[in-house]
Amino acid sequence: MAVVFQKTKGLTDKQFHYCPGCTHGIIHRLVAEVLEELGLLDDAIGVAPVGCAVFCYDYFSCDMQEAAHGRAPAVATGIKRVNPKSAVFTYQGDGDLASIGAAEIVHASMRGEKFTTIFVNNAIYGMTGGQMAPTTLVGQKATTAPYGRNEDLAGMPLRVSEMLATIPKAVFVERVSVHDIPNINKAKKAIKKAFEIQMKGLGFTFVEILSTCPTNWGKTPLESLKWLQENMIPYFPLGNFRNVEEVK
Amino acid sequence: MAKELWKGNEAIAEAAIKAGCKFFFGYPITPQNEIPEYMAMRMPQIEGAAFVQAESEVAAINMVYGGAGSGARVMTSSSSPGISLKQEGITYIAGAELPCVIVNIVRGGPGLGGIQPAQSDYFQATKGGGHGDYRLLVLAPSSVQEAVDLTQEAFDMADQYRNPVMIMGDGMIGQMMEPVEFTDVPKRNLPEKTWATTGTKGKREHNVINSLFIDPAACEKHNIHLFEKYAEMEKNEVRVEEYNMDGAEIVFVAYGTTARIVKNAIATLGKEGIKAGLIRPITLWPYPSKTVEAAAAKANVKAFLTVEMSMGQMVEDVRLAVNGAKPVHFYGRTGGMVPTPAAIVAEAKKVLGGAK
C-alpha cells in the first residue's frame, strides 16, 4: 500500500510534553519539515531555549544544544562560527527572546549572524505558570499582572519583528501565525524562506510565530485560537517586514 | 626558538593560538584588553578561525558554550567584573561538560573595584563562582613564561576532562613584559569529540549538549559523575613549586605575582639568618593540600604565613590543610595594592617573634 503521509524525519519519536491545544507542536513540525524538505537535516544544529520549548532538543532529530535563558543567539553565534556550512537555528519563546535575551537577539541581528531564529510569541510565560511577558497585551491578565497589564507601569508590548526590521543585517523578518490552516501554510513558507536565505549566507533571518497558550490564558484550545486572531493580530500585524531578496 | 620580549596578555593569546585555539569571543575590560586586541589581529590570518567581539561578557561566554559544544578549541578572557558576568555561562559549561579556556586577569574589587593587580577572585575561581556543585581547573602562572606554558597545556587539560579551565593571572602578569620562549608543551593523548554538535551527517543519532536533568535521580547521578571526574583531576593535576623548603622555620604560601615578591623577601630573610621557604600553588584547584600538610608535619617548620593580594582567601585552604598542626598567619594588600618585600620581611619577623 502506498504511503500517502508520514511524520517528518526531522522529529524524533519522543512524545511532546506540550499542553492540549498548544501550538508549539505545529511549529515544531513546520521547522522539522522545512529542514527535511531542504535537505538540511544532516547538517542542522538547533539551539533550545529556556521556557516551554526547553525540551525541544529531545524532539528535533538534528544535533541540538540547550542554552541558558535568553542566550540562544549567542550560543548559535558560537555554533555557526565553528560550523559555517551548517543550518543553525534558535527556537525561542517571548520571555526568553524579548525579555532576558533582548541584548543577544539584537546584537546577533546587528552582526548579521547567519542563522535563523524561530520566535514563538504567545504573549505569556508558559513554563513558569503564566507570568507577564514583554509581549503580554495591555489589559491581558497574567499571574504577575492580576489586574491586567497596566501600560503606565509595565509599558506596551514589544513588537520584536518591527524592531529587528530596522537592523540592516537582519535580512529576512516576517511575522506569521498558526491559528488556522491557511496561516499554518504561510508560516511554513516563511520558515522555508528564512532557511534558504540563511544557506545563501546573506545575513540574519527571523520568523516570529504567533502562538497560543490555552493553559495560562485560561481558555479552551478553540477559544485560544479565536483570541489570538481577535486580540494578538491587531497589535502584532502579520506580514513580511524585511526580505533582502525583494529589496534590490 | 630564541627568547622574545612579550607582554603577558599578548603572550597568553599567542600561546592559545599555538595550542590550536581558533575561536575567541571577548569583550573589552581593563587590564586584559590586549588579549582580545591580539586575537582580533591574529584570528583573520588563520584559516577557518574567528574573533567575535561580543555585546557583553554574558554573550561572550555563551558563544564559548556554542563553539565548545561544536568541538572547537575556544577561549574567552576578561577581568574580575567581567568574570562575574560570565559565571552563568561557566556553570552551564561545567554542567554540560564542555572544554574551554577562560582567562581572568584579576583586578581589585568588589564592585567596579579598580584596574590594578589583585588576587581577590580566589574564592570565585576555586569554590564555584556560579550556582551548583562544580569545579574549574584553575592555573595560576607567576611569570609570563609560565603563563605561556600553562595556557598551551590548558587546552589539553580541558579536552581531557571535558571541563572549563581557568587561567588566573593578575594585572601584573597581564601587563608585564618578560622574555618568553614558545616551546611545544607535551601533547596529551586525547579522546575524539564524538559528543560534539557538528551535524549528524545522517550517520549517527543526534548529539545534545545540555545541562538539564529534570529527574532528580538523574541530576544527582550527573553530579556524582562530575565529582568522579574532579577526583581524577585531584589525583593527576595538582601542581606546586616548593622553594627553599629545607630547614625552613617559616613557610610562606603564595601564588602568582605575590609568590615572586615573597621570593625576594626570602632572600632578605636569609641574609639575616632566618630560614624561610615557599610553597607556591600552581594549580589553585585542585589545591596542593598534601604539600602544605607535609610541611606542617615537619619539626623545623614553626609557622605558616600566607601572603595574598586580597583580604585573605587562599589562607582558608592553607588552614584546612595545616589542620591546626601549626599556626597559620596572613598578610595581604588589596584593592590593587601590591605587597612590598620589606613589608613581608617585617611580617615574617613578627610571626617568628610571636611563635618563639
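Numerical summary
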read-out	value
Inter-label distance for A:Lys85 and B:Ala2, nm, one decimal - labels placed 7 Å from Cα along Cα-to-Cβ	4.3
Region B:136-163 residues near the modelled B:Glu228 label - backbone nitrogen below 18 Å, point 7 Å along Cα→Cβ	B:160-163
Contour excess over end-to-end distance, with Cα ends at B:Asp133 and B:Ala218 and 0.36 nm allotted per residue	29.1 nm
Ellipsoid equivalent to chain A - semi-axes via the Cα gyration tensor, in Å	26, 21, 17
15 Å reach of a label modelled at A:Gln131, 7 Å along Cα-to-Cβ, counting backbone N of region A:66-90	A:69-70
Under the Karplus curve 6.51 cos²θ - 1.76 cosθ + 1.60, θ = phi - 60°, whole-Hz ³J(HN,Hα) for region B:179-194, x wherever Gly or Pro sits	x, 9, 10, 7, 9, 6, 7, x, 7, 8, 7, 10, x, 5, 8, 6
Estimated inter-spin distance, B:Glu205 and A:Lys200, nm [label 7 Å along Cα→Cβ]	3.9
Rg(Cα)/(2.2 N^0.38 Å) for the protein assembly as shown, N = residue count	1.09
Burial ranking of peptide ranges B:161-169, B:20-28, B:284-292 (average Cβ count within 10 Å, highest at the top)	B:161-169, B:20-28, B:284-292
Where chymotrypsin sites (Phe, Trp or Tyr not before Pro) fall in DSSP loop in region B:216-322, at most 13 other Cβ within 10 Å	none
FRET efficiency, 1/(1 + (r/R0)^6) with R0 41 Å, evaluated for A:Phe55 and A:Thr144 via beta carbons	0.95
Whole-angstrom gap from region B:53-114 to region A:37-93, using each part's C-alpha centre	20
Point-to-point label distance, B:Thr268-B:Ser56, nm (Cα→Cβ direction, 7 Å offset)	4.5
Stretch gain in nm, segment A:Val3-A:Leu222, where the contour uses 0.36 nm per residue and the Cα spacing is subtracted	75.8 nm
Peptide ranges A:34-45, B:141-152 listed from the most packed, as the mean C-beta count within 10 angstrom indicates	B:141-152, A:34-45
Angle between chain B longest axis and helix B:256-271 axis [Cα atoms, degrees, rounded to 10]	20
Cα coordinate range in region A:122-248, projected on the principal axes (Å, largest first)	47, 33, 25
Helix B:80-95 vs. chain B, principal-axis angle (Cα, 0 to 90°, nearest 10)	60
Helix-only mean residue ellipticity at 222 nm for the protein assembly as shown, each DSSP H run of n ≥ 4 adding -39500 (n - 2.57), per residue, nearest 500	-11000 deg cm²/dmol
Shielding by partners, peptide A:37-47 (average Cβ within 10 angstrom, other chains)	4
Of A:Lys80/A:Lys192; A:Lys9/A:Lys226; A:Lys192/A:Lys219; A:Lys85/A:Lys192, pairs whose Cα-Cα distance is over 24 Å	A:Lys9/A:Lys226; A:Lys192/A:Lys219
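Every number in this text was worked out from the coordinates using simple rules, so none of it is lab data. What you see is a predicted model, and the numbers here were worked out from it, not measured in a lab. Using ideal geometry, Cβ is built from the backbone for each residue, glycine included, and neighbour counts are taken over all protein chains shown.
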